[in-house]
1. If you check every pair at least six apart or on different chains, which have Cβ atoms under 9 Å apart with a residue in segment 156-182 that is surrounded by fewer than 19 Cβ atoms within 10 Å (Cβ to Cβ) first and a residue that is assigned to a strand (DSSP E or B) and of a type in the set (Ser, Thr, Tyr) second?
2. Picking from Ala304, Ala334, which residue would you name as being aliphatic (A, V, I, L, M), surrounded by fewer than 16 Cβ atoms within 10 Å (Cβ to Cβ) and in a helix (DSSP H, G or I)?
3. If a residue has to be buried (at least 22 other Cβ atoms within 10 Å of the Cβ) and in a loop (DSSP other than H, G, I, E, B) to count, how many in segment 99-126 make the cut?
4. Given the condition within 26 Å of the chain's Cα centre (by Cα) and at pLDDT below 95, answer yes or no: does some residue in segment 196-208 qualify?
5. Being closer than 26 Å to Ser272 by Cβ and touching a strand residue (DSSP E or B) at 6+ places or on another chain (Cβ under 8 Å) narrows it down to one of Ala69, Ala86, Ala55, Ala79, so name that one.
Amino acid sequence: MAIRDRLSGNEAVAHALKQIGPDVMAAFPITPSTEIPQYFSNYVANGEVKTEFVAVESEHSAMSACIGAAASGGRAATATSSCGLALMWEMLYVASSMRLPIVLAVVNRSLTGPININNDHGDSMGARDSGWVQLYAENNQEAYDNTCMAIRIGEHPDVLLPVMSCQDGFITSHSIENIELLENDKVSSFIGSYNTEINLMNPKHSVSMGPYSNQYYYIEWKKQQANAMKNAKQAILDISKEYAKVSGREYGLFEEYRMEDAERALVIIGSSAGTAKAMVNELREKGEKVGLIKIRVFRPFPMAELAKALSHVKAVAVMDKAESFSACGGPMFAETRSACYDLANAPKMVNYIYGLGGRDVRVEDIAFVYGELEKIVKTGDVGEVYRYVGVRE
């Protein structure tokens, strides 16, 4: 029977990691992810988990320690935010190229400069091409569930890639919500044991970790990583179905919300989906055919599935809580527009950058966006594609 509790997003993630019981957790504190290793170190000190907790001198060292642990055949996890993730940058690529299923709890926070400690997705979106699977949570429950599933996804034999389990800094990480936790034995049974013959501690299977690779082999390494990321899509769906059997909660690559006959739709990610759903409900009560798609899995990007879900929609606004400085839109927009390119009747599409540095997104902002989509449907004129919302002009 599920355990009902009231936890912050950070405590929910720490609890999931305790139930997973990695062999090593290495961490360096940074706001707003600091509470995750803080809670976890208490579990270690109290004897609730047998994990080796390594307090390191930087986030670069935290990921390096996790790489060493995972390369030796152990389960490894850490947590970070913002500039901490940026300091890990080099090692993110090392972890994915070595095919090490490390779990990284990312509590999304804006990147400097100017200095800002509040939420947007600039940190993890900046790492979108580092070869990590990326999961995003709307609320505390999803942050917990994603972390429980992340370890299985990364360790799937067809995947063997590290996984980021992302949630919005302060908005979910420090807010307390009702949540359903699984019993310890159910989590243990769900994740199983991790036994890999390919590790530095196995004398019967010689292996080289992190070798130099010249032009004769490098592209083959990258092709194998790319294939593993493709495989991750089906692995995520299969593992989600297994998780539903023990939790009663099943997750897809994205969530379709009131999309059955929608003519106008938002594509959004993270906690802002909850705000947008409130406005969808309000507009639906007025008879307006609106809906939204909440992206849960950004890597691998659900290209074909998303295109199918948007194929009947007339106008779409893609909401980016990150700037890519491409001069033509944010990262979500680039992926979504590309996904819909080959549709026979592709929807008209605009991009809205919003919420940078923790700027509030209100139901009024979402109403404004749906109103702009209505104008596009009526006139057929998209106008400026690359837009901002909630900015003082």
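The values are calculated or read from the model by the stated rules, or taken from the named source; none is laboratory data. Please read all numbers here as calculations on a predicted model, not as lab measurements. With ideal geometry, Cβ positions are generated from the backbone for all residues, glycine too; neighbour counts draw on all protein chains shown.
1. His174/Ser8; Ser175/Ser8; Ile176/Ser8; Glu177/Ser8
2. Ala304 is the lone residue from the list that is aliphatic (A, V, I, L, M), surrounded by fewer than 16 Cβ atoms within 10 Å (Cβ to Cβ) and in a helix (DSSP H, G or I).
3. First, pick out the residues of segment 99-126 that are buried (at least 22 other Cβ atoms within 10 Å of the Cβ): 100-110, 119-125.
Filter again for in a loop (DSSP other than H, G, I, E, B), leaving 100-102, 109-110, 119-121.
Of the residues in that region, 8 qualify.
4. Within segment 196-208, the first condition is being within 26 Å of the chain's Cα centre (by Cα), and the residues that meet it are 196.
Going one step further and asking which of them are at pLDDT below 95, we end up with 196.
Scanning segment 196-208, I find at least one residue that is within 26 Å of the chain's Cα centre (by Cα) and at pLDDT below 95, so the answer is yes.
5. On the way: Ala69 fails: closer than 26 Å to Ser272 by Cβ; Ala86 fails: touching a strand residue (DSSP E or B) at 6+ places or on another chain (Cβ under 8 Å); Ala55 fails: closer than 26 Å to Ser272 by Cβ.
Exactly one residue qualifies, and that residue is Ala79.
Here's the yes/no breakdown for (1) loosely packed, with under 11 Cβ neighbours inside 10 Å; (2) at pLDDT 95 or above; (3) in contact with a helix residue (DSSP H, G or I) (Cβ under 6 Å, 6 or more places away or on another chain):
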site	(1), (2), (3)
Gly355	no, yes, no
Asp365	no, yes, no
Val369	no, yes, no
Gly380	yes, yes, no
Gly383	no, yes, no
Tyr386	no, yes, no
Val389	no, yes, yes
Glu393	yes, no, no
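Residue by residue, here is whether (1) surrounded by 11 or more Cβ atoms within 10 Å (Cβ to Cβ); (2) without any contact (Cβ under 8 Å) to a residue 60 or more places away in the chain holds:
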residue	(1), (2)
Ser188	yes, no
Gly192	no, yes
Thr196	yes, no
Leu200	yes, no
His205	yes, yes
Tyr216	no, yes
Ala232	yes, no
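Residue-wise test of (1) part of a helix (DSSP H, G or I); (2) out of contact with any helix residue (DSSP H, G or I) (no Cβ under 6 Å at 6 or more places or on another chain).
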site	(1), (2)
Ala309	yes, yes
His312	no, yes
Ser326	no, yes
Met349	no, no
